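This report concerns only the one structure given below.
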Amino acid sequence: MAKKEKEAVELTEEMDTDHAESRVYELGFHIDPELGVEEAKKAYQGIRAVVAKVGNIVAEGEPRKIQLAYTISRAETAGRRDFDGSYFSWIAYEADGKGHEAVIEAAKEETRVFRFLDIRTTKDEARHSEELQDLLAKTPEPETLEEEVSDVELDEALKEVAA
């Protein structure tokens, strides 16, 4: 077995979805940025509905359009597709093993989601994330000062540098 395949198998085995007691997880996911806002919200609401059905929602962040730090590529039926932005959303939830597995399957099956991550967390950490997101949402965007420079001013500045 190749090293990467072995690591994937080990990771899957570590997921431990057979536990009966409830645990807290956080699912973060990227939704296709080419969708309209309403369509992105529908994708989020679909996953949220599965989470609410199989567990308890601890905290959440509705879809917000963001610029990605790096390009994410995904193979699709029509070829490879690159994403430089997304609607990012997250849901912290409490569920048992079967509920956790159902949430993971819902994220995998949602075609409008192109990347997701599900991690184990605590209620306190999830609520803290929600507080930080609320604070970030209330923080105004910094103003960018863009000076418009005319071609004449640019030519004069270049002449001064060349002289």
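The values are calculated or read from the model by the stated rules, or taken from the named source; none is laboratory data. Please read these numbers as outputs of a predicted model, since none were measured by experiment. Glycine also receives a Cβ, built like all others from the backbone with ideal geometry; neighbour counts cover every protein chain displayed.
Determine which member of the set I91, I47, I31, I66 is touching a helix residue (DSSP H, G or I) at 6+ places or on another chain (Cβ under 9 Å), within 22 Å of K138 (Cα to Cα) and either surrounded by fewer than 14 Cβ atoms within 10 Å (Cβ to Cβ) or modelled with pLDDT of 90 or more (or both). I91 is the lone residue from the list that is touching a helix residue (DSSP H, G or I) at 6+ places or on another chain (Cβ under 9 Å), within 22 Å of K138 (Cα to Cα) and either surrounded by fewer than 14 Cβ atoms within 10 Å (Cβ to Cβ) or modelled with pLDDT of 90 or more (or both). Being over 30 Å from N56 (Cβ atoms), of a type outside the set (F, W, Y) and under 19 Å from the mean Cα position of the chain (by Cα) is a description that does not apply to D118. Here's a check for you: in the range 9-28, which residue that is under 21 Å from R115 (Cβ atoms) and part of a loop (DSSP other than H, G, I, E, B) is modelled with the lowest pLDDT? Checking each candidate, the answer is M15. Per this entry, T144 is counted among residues that are surrounded by fewer than 17 Cβ atoms within 10 Å (Cβ to Cβ), out of contact with any His (no Cβ under 9 Å at 6 or more places or on another chain), modelled with pLDDT under 80 and of a type in the set (S, T, Y).
Among residues that are part of a helix (DSSP H, G or I) and of a type in the set (A, V, I, L, M), A92 is not included. Among the criteria (1) in a helix (DSSP H, G or I); (2) at pLDDT 95 or above, the one K6 does not fulfil is (2).
Of everything in the range 52-99 that is β-branched (V, I, T) and in contact (Cβ under 8 Å) with a residue 24 or more places away in the chain, the residue that is nearest to K42 (Cα to Cα) is I91.
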